[in-house]
Amino acid sequence: MPNDDVAACDGFELMQKLYPICRSITGDGVRASLEELRRYLPIQVHEVPSGTRVLDWTIPDEWNIHDAWIKDTAGRRVVDFRQSNLHVVSYSQPVQQRMSREALESHLHSLPDQPEWIPYRTSYYRRDWGFCVTERQREQLTDHEYDVCIDSRLEPGHLTYGDLVLPGDRPEGYLISSHICHPSLCDDNLSGVVVATMLARGMLDGRHRWTYRFLFAPGTIGAIAWLARNQELLDRIKGGLTLVCLGDAARLTYKRSFHGAAEVDRAAQLSLRDLNVDHAVVDFCPFGYDERQFNAPGFRLPVGSLMRARHDQFREYHTSADNLSFVSPDQLQRSLQCLQEILYILDNNRVVASLSGYGEPQLGNYGIYEELQNRNSKFQDALFWVLNLADGQHSLIDVAERSGVPFRMVHEAAELLRQKQLIRVA
Ligand code: ZN
């Protein structure tokens, strides 16, 4: 349960706590991470047994690791899991043997172009093992033989994910999802996890119209497990967002849902416009993160994605350079602000209908001009646009898009017209 001593969630501080944990698609690292998040949010943790069929997939065996190393002939740890959990290929099966340098070579991964960085590699669905090392470490492996140990367990267990439902006035609503399966990597995707946590934390006590569901699940298989186990509620999901790479210095990018012009797509684009931040908008493609699963055939949930650095397009991607100094508290905060704006728009978007019959009402009779005296001219624009589009067919998002006036001001104008009983909202 949330700790009342924690007034707000400091995303960067939370990231510092999550950073050292060795996460994978299953195992105690995910559990420990969710436990940390539960200090801020009443997340419900779910365990799905290995071997369970989820859609076309099967929950794999659970992977846990205690220690791993490569020792030289003098017994020194020349590669040490305790120095960085990236050193072991995620899902490596256990191994303990002395082997020749040549035989070891085929199990090593490094980045010749970035000789100081450790790559991040996985072998989830193929039984294998390996070490990820810096090119420098690899160059220093000159002995003929090495002792190799991966003290891991790969056995039937569970896949763990967490979700949180924030009930609104209506049972329908939105899904906010971030993947929680990467080990010590910050932008991809602790940034998504902590921004989601800050967002949810800020909504715990407030009232909202829609029901918001937050999902913290291992990439791909976790999202598929959630979809498989929640099919009866999917018709209440109006759309959603996956949150990824939100702490780096790149401009914000919104990736549209498969639908492309769903309410969430329009709200996200308005939010970026209204906040006046440098940004890009890109079309949906079936690459990237779990938006691929949510938008897949059969489901087609309109889930877009908010990010900064783009998947696979930055040097630090899936390397040890995606660390705490690659992300900043400021960028996390700005990403959060953009999300809050998107949810504000979604929560306050209404269809508007005139109550004054045909034509434009005589505003002087309703005290509207007095209200306009201390407002700027954009507010007046918003007011006339709302009146004009109040035909029961258009929403406040339509007004904001068409008028160019910020959504918040459109909402305020509609609120005034509603108070003056000139329109009703649905
Ligand atoms: Zn990744």
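The values are calculated or read from the model by the stated rules, or taken from the named source; none is laboratory data. Since the structure is predicted, the reported quantities are computational estimates derived from the model, not experimental observations. FYI the Cβ positions are ideal-geometry reconstructions off the backbone, even for glycines, and counts take in every protein chain you see. Side chains included, ligands, DNA and RNA excluded: accessible areas come from the protein's heavy atoms. Shrake-Rupley method; radii C 1.70, N 1.55, O 1.52, S 1.80 Å.
Below, the figures for the structure above:
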{"read-out": "In nm, spacing of pseudo-spin labels at Q140 and E35 (7 Å Cα→C-beta vector)", "value": "3.4"}
{"read-out": "Nearest 10 degrees, 0 to 90: helix 407-419 Cα axis against the chain principal axis", "value": "40"}
{"read-out": "Where only C-alpha atoms are counted, convex hull volume of segment 74-145 per residue in Å³", "value": "98"}
{"read-out": "Among beta bridges that DSSP assigns inside the chain, antiparallel share in %, nearest 5", "value": "65"}
{"read-out": "Sequence-separation-based contact order of segment 352-418, relative, with Cα cut under 8 Å and 6+ spacing, percent", "value": "38"}
{"read-out": "Ellipsoid equivalent to the chain - semi-axes via the Cα gyration tensor, in Å", "value": "50, 21, 17"}
{"read-out": "Segment 5-160: proportion of alpha-carbon pairs further apart than 23 angstrom, %", "value": "46"}
{"read-out": "Fraction of beta bridges assigned by DSSP in segment 40-141 that are antiparallel (%, nearest 5)", "value": "65"}
{"read-out": "With Cα atoms, 0 to 90° folded angle of helix 28-37 axis to the chain main axis", "value": "30"}
{"read-out": "Set of segment 116-150 residues, backbone N closer than 11 Å to the point 7 Å along the Cα-Cβ line of Q96", "value": "149-150"}
{"read-out": "Inter-label distance, nm, simple model (7 Å from Cα along the C-beta direction), V282/R418", "value": "3.7"}
{"read-out": "Net lengthening on full extension, D151/L204 (0.36 nm per residue, minus Cα-Cα)", "value": "15.0 nm"}
{"read-out": "Using distinct alpha-carbon pairs, which all enter the 1/r mean, Kirkwood radius of segment 317-426 in Å", "value": "15.8"}
{"read-out": "Relative contact order of segment 1-135, defined on C-alpha pairs under 8 angstrom at six or more residues apart (%)", "value": "19"}
{"read-out": "Stretchable slack from D330 to D128, in nm (0.36 nm times residue separation minus alpha-carbon distance)", "value": "68.7 nm"}
{"read-out": "Heavy-atom accessible area per residue - the chain, 1.4 Å, Å²", "value": "44"}
{"read-out": "Neighbourhood charge, 14 Å Cβ-Cβ cut-off, centred on G75 and excluding it, Lys, Arg +1 and Asp, Glu -1", "value": "-1"}
{"read-out": "Loop-located chymotrypsin sites (Phe, Trp or Tyr not before Pro) in segment 317-426 whose Cβ has at most 15 other Cβ within 10 Å (DSSP)", "value": "Y358"}
{"read-out": "Helix 263-274 vs. the chain, principal-axis angle (Cα, 0 to 90°, nearest 10)", "value": "80"}
{"read-out": "Contour excess over end-to-end distance, with Cα ends at Y369 and A261 and 0.36 nm allotted per residue", "value": "35.3 nm"}
{"read-out": "For segment 276-340: span of alpha carbons on each principal axis (Å, largest first)", "value": "41, 31, 16"}
{"read-out": "Restricting segment 53-137 to chymotrypsin sites (Phe, Trp or Tyr not before Pro) in coil, as DSSP defines it, with at most 15 other Cβ within 10 Å", "value": "Y125"}
{"read-out": "Choice from R308, R266, R98 showing the highest fluctuation, given a GNM over the chain with Cα pairs closer than 10 Å", "value": "R98"}
{"read-out": "Rough spin-label spacing in nm, given labels placed 7 Å along Cα→Cβ, for Q114 and Q340", "value": "3.2"}
{"read-out": "Over the chain, relative contact order from alpha-carbon pairs under 8 Å, at least 6 apart, %", "value": "16"}
